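Asker: Please find one structure pasted underneath; my questions will follow.
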Amino acid sequence: MAIHWLNPDIDECTRRGIAYFTSELEMASGLPCKMYRITEKFGSLSDHMHDYLQIWYVSKGEFTHTFHGQKYRMVQGNIFVLPPYSIHRVEMTPGKELEVLGCEFMPTFINEQLDGRPDEPHTFDLSFIKTFITTEESVPLKITLTGKSDLAAKELLTEMLSEYEGRGPYFDMLLKANLLKLLAILTREHADQSKHSTTRGDSNQYREPILESVQYIHDHYDQPLWLEDLCARTMMSRTNFCRRFKEVTGRTFSQYLANYRIRMAMRLLTEPELSVTDVCFKVGFNELPYFCRCFKKYTGTTPAYYKKNAFKTID
């Protein structure tokens, strides 16, 4: 893959009203990396660009990301890595709960030899960002994370944000270590999804309906959800829906629903006023013993024990 460093006319972009953010102003002195969390209070952004790479992972909710004239609906579990000098815009969805974990970094944070936008730098560390620094038409602007990769990405970014805000000893080393692991995971996910899109081209037509079904689960997990209802919503047969759902998410419908409900339960168990029984019914389970069995299966501990020790496990 050829290395392509975008190099727009900065003056022309300014005349067109495109905002330009630089690492010198946006990042702390001496640290070419920045972490932050975005919520629904964050407003939309008109056309802009920056001289650093940007990663956004959608933890909750959705927004629309426009790049190179193409709109991308970003929902929970979606992530992108945007190369430097990319003109793009972000439109938030009014009334939607939102949480985005963001990371911005200069190529020099990966390796100091990556300064100055070299044409063909001979360094192994280039492989961490090579996939994301390419032509505008080839930039993977939307990677759908599933299963273990989704959980791993969220955990890595959450830990990075905690380290960045805490500024403890050697926090910058931990930031870089987690960033490299995250980029490796995303590179592998992108390669895997690209392989499937070429070897199973007929699957592409089903991807969007399945992603809409996933979002429907996220929006209605606290209510009774039936496989037949989602099949009807997507106008797919049960067999076809189950096969396509597992292709996209890496899990069966029942596994994905149970896992998501347990993730939501883990959040609610940190609220002192809610009992285990309260949480059970709030996340869509209708039997406490079944909820406890599922919770232990996915977390390795009981809801009661988790609630008692939540302060030790929740960031």
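Asker: Keeping all protein chains in place and using 1.4 angstrom, which order do S86, S127 fall into by accessible surface area, from largest down?
Answerer: Largest accessible area first, the list is S127, S86.
Asker: Using alpha carbon centroids, what distance separates the range 163-190 and the range 37-98, in Å?
Answerer: 20
Asker: Right, something else. When ranked by the protection proxy of mean other Cβ atoms within 10 Å per residue, highest first, what sequence do the peptides 282-293, 248-259 form?
Answerer: Top to bottom by mean Cβ count within 10 Å: 248-259, 282-293.
Asker: Go through 89-96, 71-78 and give me the packing order, highest mean Cβ count within 10 Å leading.
Answerer: Listed from highest to lowest mean packing, they are 71-78, 89-96.
Asker: To continue, here is another question. Heavy atoms only, 1.4 Å probe, whole protein assembly: order T131, T239 by accessible area, highest first.
Answerer: Heavy-atom accessible area, descending, gives T239, T131.
Asker: Something else about it: Please turn the phi angles of the range 74-87 into ³J(HN,Hα) values with the Karplus equation 6.51 cos²θ - 1.76 cosθ + 1.60 (θ = phi - 60°), one per residue in order, whole Hz, x for glycine and proline.
Answerer: Values, residue by residue: 9, 10, 3, x, 8, 8, 9, 10, 9, x, x, 6, 8, 7 Hz.
The values are calculated or read from the model by the stated rules, or taken from the named source; none is laboratory data. Treat the numbers as computed from the prediction; the structure is a model and nothing was measured. When we count neighbours, we look across all protein chains shown, and the Cβ atoms used for this are built from the backbone with ideal geometry, even at glycine. Ligands, DNA and RNA are excluded from the accessible area calculation, which covers all protein heavy atoms including side chains. Shrake-Rupley method; radii C 1.70, N 1.55, O 1.52, S 1.80 Å.
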